[in-house]
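Q: Here you go, one structure.
The values are calculated or read from the model by the stated rules, or taken from the named source; none is laboratory data. Computed from a prediction, not measured in an experiment: that's the story for all the values here. As a convention, Cβ positions derive from the backbone with ideal geometry for all residues, glycine included, and neighbour counts pool all protein chains shown.
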Amino acid sequence: MIGLAIGHSREGDNGAYTVGPNSISEHKFNSELVPLITPMLKVPYKVYDDYNARSYVGAMNYVSRKMREDNVDACIELHFNAAGPKATGHEWLHWETSRGGKRLATKLKEQMDKYYPTLRSRGVKARGRGQRGALFLRKTPCYAVISEPFFGSNSSDVSLIMSDLDKLAKVYAKGINNFYV
Ligand SMILES: [Zn+2]
């Protein structure tokens, strides 16, 4: 079973916001994206969208415990990136020593490259202790990926993605389905 964790699912944490008109938070964006992904999945899934915790660390402990109870064998925490206005592209993070995590990240990246050939491919990136997102990647009891499919801080990334959300949903669904083949 694949776990789809919506990043920033903790009360008071919405993550970054997209630039430009109709600004939307990471949390809201991915809450709306996940229902487009799940009908295309060929494997069982569970959505995690309510981190019952007061801190980031507490949230990671909470979602890890839930995933262990649910026997999730792979998971993705959905985000989008934010930095300066010129940073662009997609990247896929996995725990540095997790070969399964790296494989899932690679399957997702491959679909993104295919469906968004004009968007910069920043690649699959290993994360270790102390790095951004490391706790989710390390604590979850399964192969894990943090997805950053575009920069919410870059207006051309945002318009490219917003123009067709079904396409991004397809990237996730095909990447996940290919991982389980
Ligand atoms: Zn985020």
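Q: In the range 17-57, which residue that is modelled with pLDDT of 95 or more and among the β-branched types (Val, Ile, Thr) is farthest from the ligand (Cβ to nearest atom)?
A: The qualifying residue farthest from the ligand (Cβ to nearest atom) is Val43.
Q: Can I ask one more? Can you spot a residue in the range 155-163 that is among the polar types (S, T, N, Q), under 11 Å from the mean Cα position of the chain (by Cα) and closer than 22 Å to Pro35 by Cβ? Show your work before the answer.
A: Taking the range 155-163 first, the residues among the polar types (S, T, N, Q) are 155-156, 159, 163.
Remaining after also requiring under 11 Å from the mean Cα position of the chain (by Cα): none.
So far as the range 155-163 goes, no, none of its residues is among the polar types (S, T, N, Q), under 11 Å from the mean Cα position of the chain (by Cα) and closer than 22 Å to Pro35 by Cβ.
Q: Need a quick list: strands (runs of 3 or more DSSP E) entirely within the range 1-105 having at least 1 residues that are among the small types (Gly, Ala, Ser). Spell out the reasoning first.
A: Working: elements: 2-6, 45-48, 74-78, 90-95.
So the answer is 2-6, 74-78.
Q: Could you tell me whether Ala74 is buried (at least 17 other Cβ atoms within 10 Å of the Cβ), at pLDDT 95 or above and more than 26 Å from Tyr17 (Cα to Cα)?
A: Numbers: buried (at least 17 other Cβ atoms within 10 Å of the Cβ): yes; at pLDDT 95 or above: yes; more than 26 Å from Tyr17 (Cα to Cα): yes.
Yes.
Q: Which one of these is closer than 25 Å to Gln111 by Cα and touching a Cys at 6+ places or on another chain (Cβ under 8 Å): Leu36, Leu4? Before the answer, list the steps.
A: On the way: Leu36 fails: touching a Cys at 6+ places or on another chain (Cβ under 8 Å).
Of Leu36, Leu4, the one residue that is closer than 25 Å to Gln111 by Cα and touching a Cys at 6+ places or on another chain (Cβ under 8 Å) is Leu4.
Q: Report, ordered by the first and then the second residue, all pairs with beta carbons closer than 7 Å, sequence separation of six or more or different chains, a first member in the range 159-181 that is surrounded by fewer than 16 Cβ atoms within 10 Å (Cβ to Cβ), and a second member that is among the hydrophobic types (A, V, I, L, M, F, W, C) and in a helix (DSSP H, G or I).
A: Leu165/Leu33; Leu165/Leu36; Asp166/Leu36
Q: Against the definition (crowded, with 21+ Cβ neighbours inside 10 Å, of a type outside the set (D, E, K, R), more than 14 Å from the ligand (Cβ to nearest atom) and over 30 Å from Ser55 (Cα atoms)), how does Tyr143 come out, yes or no?
A: Values: crowded, with 21+ Cβ neighbours inside 10 Å: yes; of a type outside the set (D, E, K, R): yes; more than 14 Å from the ligand (Cβ to nearest atom): yes; over 30 Å from Ser55 (Cα atoms): no.
For Tyr143, the condition - crowded, with 21+ Cβ neighbours inside 10 Å, of a type outside the set (D, E, K, R), more than 14 Å from the ligand (Cβ to nearest atom) and over 30 Å from Ser55 (Cα atoms) - is not met.
Q: Then there is this: Of everything in the range 6-16, what is within 11 Å of the ligand (Cβ to nearest atom) and on the phi < 0 side of the Ramachandran plot? Give them in sequence order.
A: Taking the range 6-16 first, the residues within 11 Å of the ligand (Cβ to nearest atom) are 6-9, 13-16.
Passing the criteria: Ile6, Gly7, Ser9, Asp13, Asn14, Ala16.
Q: Residues Leu36, Leu93: which one is in contact with a strand residue (DSSP E or B) (Cβ under 9 Å, 6 or more places away or on another chain) and of a type in the set (A, V, I, L, M, F, W, C)? Don't jump to the end; show me each part of the working.
A: Values: Leu36 fails: in contact with a strand residue (DSSP E or B) (Cβ under 9 Å, 6 or more places away or on another chain).
Result: Leu93 is the single residue among Leu36, Leu93 that is in contact with a strand residue (DSSP E or B) (Cβ under 9 Å, 6 or more places away or on another chain) and of a type in the set (A, V, I, L, M, F, W, C).
Q: A further question on this structure: Scan the range 129-180 for residues that are among the charged types (D, E, K, R) and farther than 26 Å from Ala59 by Cα and jot them down. Even if it seems obvious, please write down each step before you answer.
A: Narrowing the range 129-180 to residues among the charged types (D, E, K, R): 129, 132, 138-139, 148, 157, 164, 166-167, 170, 174.
Of everything in the range 129-180, those that are among the charged types (D, E, K, R) and farther than 26 Å from Ala59 by Cα turn out to be Asp157, Asp164, Asp166, Lys167, Lys170, Lys174.
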